[in-house]
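The values are calculated or read from the model by the stated rules, or taken from the named source; none is laboratory data. Computed from a predicted structure; not experimentally measured. No Cβ is skipped: glycine too gets one built from the backbone with ideal geometry, and neighbour counts run over all protein chains shown.
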């Protein structure tokens with residue numbers, strides 16, 4: 001891969017010294033995605049699945065073509081297993097709401113982990129309040145990951161679903177999704193995976209993972225905001241009730257009865273975010289043209305380099321040391337608040353994130369209020385890591401640290 005050419009695909013880097021190390025928050029967008037959104041709104045716009053005129057038919061076809069592209073990219077059995085949502089948060093809420101409505105009762109247990117983003121905890125907390133279910137946490141280990149052994153210890157006869165992150169957005173720890181699915185299914189427990197950090201950085205294969213649900217955030221995959229994907233095994237989508245009611249998700253409406261549309265329309269109520277969905281096909285094409293194996297190799301080398309450089313930097317403490325790690329690294333500097341670190345780095349045009357990264361339970365478990373986080377995208381280079389390290393040294397100098 002010619003990294004300089006890849007960077008040129010992203011207009012935000014043109015004639016700019018920006019070092020963008022906040023891709024776990026949201027990735028930058030290549031020109032091809034931006035152009036596709038603009039072209040659709042300028043020349044092709046119509047609502048989908050409603051009208052019979054040429055614009056609507058073309059828009060519907062492009063909309064469904066993206067669904068097929070997603071199906072192939074993640075190796076789902078059927079395009080009907082791909083549901084468009086407004087984000088991964090809505091995808092997880094969809095499962096929690098419908099699964100909870102149909103299958104959960106008081107004192108049933110949901111098993112999550114101490115690594116989870118709030119989006120994979122708060123929806124289950126709602127069920128705790130509404131239905132009296134319990135939320136159990138598999139503990140993190142000394143490496144900032146969660147082992148399958150820790151998950152297994154928490155499973156009992158009341159466990160009704162296991163919901164875990166694929167990749168921690170704090171430590172970058174990669175969880176063994178296939179093994180977790182095998183363990184859960186041996187006990188007839190379904191598995192939901194928060195794939196927000198997995199999807200941009202790892203090869204996805206739903207038939208190999210064998211999880212029941214997988215949530216994707218498209219704006220972290222070089223795609224548009226306001227769009228998510230829920231992969232769900234067809235048997236669940238057929239069994240679970242609709243999530244929202246409205247146009248497009250119905251088959252027939254009578255005064256005394258309503259029947260629902262076939263999959264996947266059953267879960268796509270109202271006017272959908274058509275332009276974003278059409279453009280997301282370009283995001284998939286962008287990653288496919290690079291080759292996900294190339295992306296993984298590049299990011300691993302860069303992450304290994306970042307860990308090596310920052311470990312040598314006095315006063316910098318890396319958070320977690322998982323054996324299997326993806327493209328995020330969190331750290332603290334003794335005597336400097338992470339928000340001050342991020343502010344000073346921003347003066348050098350180095351963009352990182354500071355805070356608890358929507359993972360407050362993880363930070364409280366470690367006894368720290370916040371961390372600074374540098375996270376990678378395909379456009380990052382070793383020079384970006386060197387700039388990060390140089391800015392950290394500037395930060396330490398301001399605070400009179402060695």
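Residue under question is residue 162, and the condition is that it be assigned to a loop (DSSP other than H, G, I, E, B), in contact with a strand residue (DSSP E or B) (Cβ under 9 Å, 6 or more places away or on another chain) and over 21 Å from residue 375 (Cβ atoms); does it hold? I'd like the intermediate steps shown before the answer.
Working: assigned to a loop (DSSP other than H, G, I, E, B): no; in contact with a strand residue (DSSP E or B) (Cβ under 9 Å, 6 or more places away or on another chain): yes; over 21 Å from residue 375 (Cβ atoms): yes.
The answer is no for residue 162.
Quick one: residue 38 ticks every box in (1) within 26 Å of the chain's Cα centre (by Cα); (2) within 26 Å of residue 214 (Cα to Cα); (3) part of a helix (DSSP H, G or I) bar one, so which box is it?
The failed condition is (2).
Which of the numbered conditions does residue 143 fail, given that it passes all the others? Conditions: (1) over 21 Å from the mean Cα position of the chain (by Cα); (2) without any contact (Cβ under 8 Å) to a residue 40 or more places away in the chain; (3) closer than 27 Å to residue 328 by Cα.
Looking at each condition in turn, residue 143 falls short on (2).
Within the range 249-257, is there a residue that is surrounded by 16 or more Cβ atoms within 10 Å (Cβ to Cβ), within 30 Å of residue 38 (Cα to Cα) and either modelled with pLDDT of 95 or more or touching a helix residue (DSSP H, G or I) at 6+ places or on another chain (Cβ under 9 Å) (or both)?
Applying the first criterion (surrounded by 16 or more Cβ atoms within 10 Å (Cβ to Cβ)) to the range 249-257 yields 249-250.
Of the ones still in play, those that are also within 30 Å of residue 38 (Cα to Cα) are 249.
Applying the additional criterion that residues be either modelled with pLDDT of 95 or more or touching a helix residue (DSSP H, G or I) at 6+ places or on another chain (Cβ under 9 Å) (or both) yields 249.
Looking for residues that are surrounded by 16 or more Cβ atoms within 10 Å (Cβ to Cβ), within 30 Å of residue 38 (Cα to Cα) and either modelled with pLDDT of 95 or more or touching a helix residue (DSSP H, G or I) at 6+ places or on another chain (Cβ under 9 Å) (or both), one finds at least one in the range 249-257, hence yes.
Kindly indicate the residue of the range 327-342 that is out of contact with any helix residue (DSSP H, G or I) (no Cβ under 7 Å at 6 or more places or on another chain) and outside any helix (DSSP H, G or I) and also modelled with the lowest pLDDT among those meeting that condition. Walk me through how you get there before you give the answer.
Taking the range 327-342 first, the residues out of contact with any helix residue (DSSP H, G or I) (no Cβ under 7 Å at 6 or more places or on another chain) are 328, 330, 334-335, 337-340, 342.
Subset that is outside any helix (DSSP H, G or I): 328, 330, 334-335, 337.
Details: 328: 97, 330: 98, 334: 90, 335: 93, 337: 97.
Top of the filtered list is 334.
It is to be established whether one or more residues within the range 231-248 are within 25 Å of residue 24 (Cα to Cα) and either part of a loop (DSSP other than H, G, I, E, B) or modelled with pLDDT of 95 or more (or both).
Within the range 231-248, the first condition is being within 25 Å of residue 24 (Cα to Cα), and the residues that meet it are 231-232.
Those still in the list that are either part of a loop (DSSP other than H, G, I, E, B) or modelled with pLDDT of 95 or more (or both) too: 231-232.
Yes - at least one qualifying residue is present in the range 231-248.
Scan 300, 285 and give me the residue that is in contact with a strand residue (DSSP E or B) (Cβ under 9 Å, 6 or more places away or on another chain) and either outside any loop (DSSP other than H, G, I, E, B) or closer than 26 Å to residue 86 by Cα (or both).
Working: 285 fails: in contact with a strand residue (DSSP E or B) (Cβ under 9 Å, 6 or more places away or on another chain).
None of the others qualify; the one that does is 300.
Say whether the condition of being under 30 Å from residue 139 (Cα atoms), under 23 Å from the mean Cα position of the chain (by Cα) and not assigned by TED's automatic domain parsing to the domain that holds residue 117 is met by at least one residue in the range 376-397.
Step one: list which residues in the range 376-397 are under 30 Å from residue 139 (Cα atoms), which gives 376-377.
Restricting the remaining residues to those that are under 23 Å from the mean Cα position of the chain (by Cα) gives 376-377.
Checking the rest, the ones that are also not assigned by TED's automatic domain parsing to the domain that holds residue 117 come to 376-377.
Yes, that holds for at least one residue.
Scanning for something over 25 Å from residue 302 (Cβ atoms) and assigned to a helix (DSSP H, G or I), does the range 343-360 turn up at least one residue? Don't jump to the end; show me each part of the working.
The first filter runs over the range 343-360 and keeps only residues over 25 Å from residue 302 (Cβ atoms), leaving 360.
Next, from what is left, pick out any that are assigned to a helix (DSSP H, G or I): 360.
Yes, the range 343-360 contains at least one residue that is over 25 Å from residue 302 (Cβ atoms) and assigned to a helix (DSSP H, G or I).
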